[in-house]
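Data block below; observations after.
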C-alpha cells in the first residue's frame, strides 16, 4: 500500500513536471515567431541570423529539458 | 526501464522503451565495459559512415567532384562557415573537432532511423560523454588562454554594478549546467521521437485505427528525419558558442 502511494506520487510528479515542457514550447514558439516577424520585414537580413535563431531556441529549450529531466528522474531514478 | 513504463490499456500492449535496452551482441551475459553491445555496433557504423563519406568520397580529389565528393565538400563548407561565423576567426583552429562531432552525431541520428536499428544517441551515457568532452576541453582552453581572466565571463560589465554579483551567481550556475542541457537536449529529442514512433505503431494493433496509425507513423518519421538533422546542428552550434565564450570571455 505504501509502495502504491509512493508510486502514485512519482507518476503525479512526473506528470506535473511535463507541464514544464509545455512552458518551454511557448518559449520556443515565441523565439521562432518573433524571428519570422522580423524576417518578413527584412528578408535580406534573415539568412545571416539563422544561427542566432537556433541559439535562442536552444537556450529557451534548455529549461524545458530540466523539466523533462525531473520527470525522467522521478520515473526511473527515485 | 521498460517494465515500469509499459501500460496495458484495453488489451493493447505498448513497449515504447524496449528499443533502448542495451543488449550484448553475442550471447547474453553481464555487460562489462568491453562487452560488444548493439550500442557499440551502431556507434561503430556511424564512425564507418563518416570515414566512408570523407575518405572514400574524396579519394579521387577530382576538380569536378563526384556526387559523394560534392556532398562531403558541401558539409565541410557548411560547418566551416558556421565555426567562422559563431566562434570568430581564431575559432577556426578548432574546426576539426567541431566537424568530427557534427558528422558523428549526424550519422548516429540518421542510422538510428533505419527500422529495427538501435539509436546510440538516445543513450544519456553517449551524449553525456560528448557534452562532457566539449565542456572539459572548452573550460581548459579558456583557463589556459586567459588564465583567471576567463572568470570575467561571469562578470557582465554591460549590466549596472548593483546587479552584477547576482548576475555573476546566475551565470556561474548556468555555466555548470551546460553539459547537462547540452547532452539531455540531444538524447531527449531522439528518445522522445523514437518512443513516439513506437506508441503510434502500437495503435496499429486495433484494426480500425490501423490506417490512421500508419499515417501517423509516416508523419512522425518525416518529423524525425528533420529532428535528426536539427539536433546534430544544434549540438554543433552550441559547441561553437561555448568555444566563443572560451576564446572571448569578455562581454
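For this structure, a couple of remarks:
- Here the helices (runs of 4 or more DSSP H) wholly within chain A that include at least 3 residues being buried (at least 16 other Cβ atoms within 10 Å of the Cβ), at the interface with another protein chain (Cβ under 10 Å from one of its Cβ atoms) and without any contact (Cβ under 8 Å) to a residue 40 or more places away in the chain are A:50-76.
- Of all the listed residues (B:70, B:13), the sole one being at negative phi and at pLDDT below 85 is B:13.
- Candidates B:228, B:232, filtered to the one that is more than 12 Å from every other protein chain (Cβ to nearest Cβ), surrounded by 21 or more Cβ atoms within 10 Å (Cβ to Cβ) and under 17 Å from the mean Cα position of the chain (by Cα): B:228
- Residue within the range A:33-43 that is closer than 21 Å to residue B:244 by Cβ, more than 14 Å from the chain's Cα centre (by Cα) and modelled with pLDDT of 85 or more present: yes
- Which listed residue is part of a helix (DSSP H, G or I) and in contact (Cβ under 8 Å) with a residue 40 or more places away in the chain, from B:100, B:40: B:100
- Positions within the range B:19-44 being within 14 Å of another protein chain (Cβ to nearest Cβ) and either at positive phi or modelled with pLDDT under 85 (or both), in sequence order: none
- Residue that is in contact (Cβ under 8 Å) with a residue 40 or more places away in the chain, closer than 30 Å to residue B:13 by Cα and either more than 14 Å from every other protein chain (Cβ to nearest Cβ) or buried (at least 17 other Cβ atoms within 10 Å of the Cβ) (or both), where the choices are B:182, B:194: B:194
The values are calculated or read from the model by the stated rules, or taken from the named source; none is laboratory data. Not measured: the values here are computed from a predicted model. All Cβ positions, glycine included, derive from the backbone under ideal geometry; neighbour counts span all protein chains shown.
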